[in-house]
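What follows is a single structure, written as structure tokens, with notes after it.
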Amino acid sequence: MKEENRDKSLLFYDTFESPIGTLYLIFNGKFLNELSFTKPSELLKKDNPSSLIKKELKEYFENGREEFTQKTAFNRGSEFDKKVWLTLREIPYGETRTYRWLAEKLGKPSAYRAVGRALSRNPLPIIFPCHRIIESDGSIGGYSSGIDIKRRLLDFEYYFNLSKKT
């Protein structure tokens, strides 16, 4: 997959301490491009650009925030990848769907493996909630940052979803 051109002089990162570890927030100007569980390998300067995403992530982990308003932009990925990532936002907070459901939603019912590969490349997990995709048999499936993190994200959402209903 070829990375799209981007002005590296506008790239910088910030960090957010979450219950699942340090999150690295990579920006290109005012747009959040990546949310990573590992420190960026690129030589990016650390900056503190916007408190919006930090505020929203804090609300997600502490109060069950369901949607993010931070401006985002994909700086890589095929058109198929981007369709997969954008469709993730249709999965309601605290619920799960299957790889097959996502493939069918995209009009490509036999492409569930391609969907899985696209999910593994999602540059903005949590924001575009790939952790909500599970196997057809109900098992948790994979997650690029590890099954433990996926399980914890699902547990957070389940807990807050349950507490909102009672």
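The values are calculated or read from the model by the stated rules, or taken from the named source; none is laboratory data. Worth saying up front: this structure is predicted, and the values here are computed from it rather than measured. We place every Cβ from the backbone using ideal geometry, glycine too, and count neighbours over all the protein chains shown.
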In this structure, is residue 50 part of a helix (DSSP H, G or I), modelled with pLDDT under 95, of a type in the set (Gly, Ala, Ser) and over 17 Å from the mean Cα position of the chain (by Cα)?
no
- Tell me, yes or no, whether the range 126-145 has at least one residue that is charged (D, E, K, R), over 19 Å from residue 95 (Cβ atoms), over 14 Å from the mean Cα position of the chain (by Cα) and not assigned by TED's automatic domain parsing to the domain that holds residue 13. no
Do we have residue 74 as among the aromatic types (Phe, Trp, Tyr) and surrounded by fewer than 17 Cβ atoms within 10 Å (Cβ to Cβ) here?
-> no
Contact list, first residue from the range 54-71 and small (Gly, Ala, Ser), second anywhere and surrounded by 15 or more Cβ atoms within 10 Å (Cβ to Cβ) and in a helix (DSSP H, G or I), beta-carbon distance below 9 Å, six or more apart or interchain, is 64/156; 64/157; 64/160; 64/161
Within the range 141-166, of all residues that are at negative phi and among the small types (Gly, Ala, Ser), the one surrounded by the most Cβ atoms within 10 Å (Cβ to Cβ) is 145
Review point. Somewhere in the range 26-37, is a residue loosely packed, with under 13 Cβ neighbours inside 10 Å and either in contact with a strand residue (DSSP E or B) (Cβ under 8 Å, 6 or more places away or on another chain) or at pLDDT 95 or above (or both)?
Key: no
The residue from 91, 126 that alone is in contact (Cβ under 8 Å) with a residue 60 or more places away in the chain and β-branched (Val, Ile, Thr) is 126
